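Peer 1: This is the structure, below, for whatever I ask next.
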Amino acid sequence: LKLGGIKVTIDGSPQGRTAHFTTPYLTGGPSGEQNWKGEPTFPVETINQMVKAVYDAKLQLIVHCNGDAAIDNFLAAHELALGEAKSGDHRTGIIHCQFVRKDQLDKIAGYQLIPSFYTEHTFFFGTTHKKQRGEEQTAFLSPMRSAIDRGILCANHTDFNVAPIDQLFTVWTAVNRISREGEAIGA
């Protein structure tokens, strides 16, 4: 038996308005909540404990983070769990990492974390994200080029139960960043 990694889901999806952000959704919460920022899947203390437990077990950690607040929560848990050893080849992956900020990318580069972006969202949900998160934040959706420019080892993936599996289309979305409606999303 080999455990290839442990996945911890820190937030939900941006299109479902369950991803966790530092700023409110422009369209409110999924049940009409005002000033809705989403919420973490678990309390921050639990996230900290889970991240530490996986690292202490010397297993690979894979975290599901879509919103920038979820990424903040993970980075804080990573720092807390590893202290001075937070940089290095831990093989920690950040799944989706869609609404990462530039300052977070800088930390990800310094810590040698591995984001796996979900660039298909530019096509399938780009227009939805613009309505819910605004033009500026959506333009930086799954910023693969910015990650590569920072020397970050990154990946791109599909999410077969959300969008069809088509690897060449995934590459196309990373390169072209065109919405279903034909609009460039952060060219």
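The values are calculated or read from the model by the stated rules, or taken from the named source; none is laboratory data. Predicted model, so just to flag it, every value in this text is computed and none were measured. Glycine gets a Cβ as well: all are built from the backbone with ideal geometry, and neighbour counts include every protein chain shown. Surface areas here come from the heavy atoms of the whole protein model, side chains and all, with no ligands, DNA or RNA. Shrake-Rupley method; radii C 1.70, N 1.55, O 1.52, S 1.80 Å.
Peer 1: In terms of modelled amide H atoms, which long-range or inter-chain residues lie less than 5 Å from the amide H of residue 117?
Peer 2: Under 5 Å from the amide H of residue 117 lie the amide H atoms of 155, 156, 157, each far enough along the sequence or on another chain.
Peer 1: With just the Cα atoms defining each centre, how far is region 55-105 from region 159-175? Give it in Å.
Peer 2: First find each Cα centre; the distance between them is then 24 Å.
Peer 1: Still on this model: What is the magnitude of the charge dipole of the chain about its Cα centre, with +1 placed on the Cβ of each Lys and Arg, -1 on the Cβ of each Asp and Glu, and no other charges, expressed in debye to the nearest 20? Don't jump to the answer; show the numbers that get you there.
Peer 2: On the way: 18 positive and 20 negative charges, 48 e Å.
Once rounded to the nearest 20, the dipole reads 220 debye.
Peer 1: Right, next: Mind pulling the angle between the C-alpha long axis of helix 44-56 and the longest principal axis of the chain? Nearest 10 degrees, somewhere in 0 to 90.
Peer 2: 60 degrees
Peer 1: Hey, another quick one. Would you mind checking which residues have amide H under 5 Å from residue 8's amide H? H placed 1.01 Å from N; only 5 or more apart, or other chain.
Peer 2: Amide H neighbours of residue 8: 62, 63, 64.
Peer 1: Suppose R0 equals 30 Å; then what is the FRET efficiency for residue 135 and residue 155 from their Cβ-Cβ distance, rounded to the nearest 0.05? Can you show the working numbers first?
Peer 2: On the way: r = 27 Å, r/R0 = 0.89.
In this case the efficiency is close to 0.65.
Peer 1: Could you check the simple spin-label distance between residue 145 and residue 80, using points 7 Å along Cα→Cβ, in nm with one decimal?
Peer 2: 3.7 nm
Peer 1: Keeping the other protein chains in place, figure out the carbon and sulfur percent of the accessible area of region 30-81, with a 1.4 Å probe.
Peer 2: Answer for region 30-81 is 53 percent, counting heavy atoms of protein chains only.
Peer 1: While we're here: What angle, in degrees between 0 and 90 and rounded to the nearest 10, separates the Cα long axis of helix 167-176 from the longest principal axis of the Cα atoms of the chain?
Peer 2: 70 degrees
Peer 1: Something else: Could you list the trypsin sites (Lys or Arg not before Pro) in region 149-180 that lie in coil according to DSSP, counting only those with at most 15 other Cβ atoms within 10 Å of their Cβ? Don't skip to the answer; put the middle values down first.
Peer 2: On the way: sites: 150, 177, 180; in loops: 150, 177, 180.
Qualifying residues, ordered by number: 150, 180.
Peer 1: Further question: Which of (1) 38; (2) 28; (3) 52 is the computed percent of Cα pairs over 26 Å apart for the structure on display?
Peer 2: It is the one labelled (2).
Peer 1: Label residue 2 and residue 26 with points 7 Å out from Cα along Cα→Cβ: what is the distance between them in nm?
Peer 2: 4.7 nm
Peer 1: Report the relative contact order of the chain, percent, no decimals, based on alpha-carbon pairs under 8 angstrom and at least 6 residues apart. Don't jump to the answer; show the numbers that get you there.
Peer 2: On the way: 346 pairs, mean separation 34.9, N = 187.
After rounding, I find 19 percent.
Peer 1: Right, next: With the dipole of region 47-86 worked out from charges on the C-beta (+1 for Lys and Arg, -1 for Asp and Glu) around the Cα centre, which of 69, 49, 80 lies farthest toward the positive end?
Peer 2: The residue sitting most towards the positive pole is 49.
Peer 1: What number, in percent, do you get for the relative contact order of region 76-165 if the mean sequence gap of Cα pairs under 8 Å and at least 6 apart is divided by its residue count?
Peer 2: On the way: 107 pairs, mean separation 28.9, N = 90.
Result for region 76-165 is 32 percent.
Peer 1: What value, in deg cm²/dmol to 500, does the helix sum -39500 (n - 2.57) over DSSP H runs of n ≥ 4 give at 222 nm once divided by the residues of the chain? Show your work: numbers first, answer last.
Peer 2: Values: 8 runs with 72 residues, N = 187.
Calculated at 222 nm, the ellipticity per residue is -11000 deg cm²/dmol.
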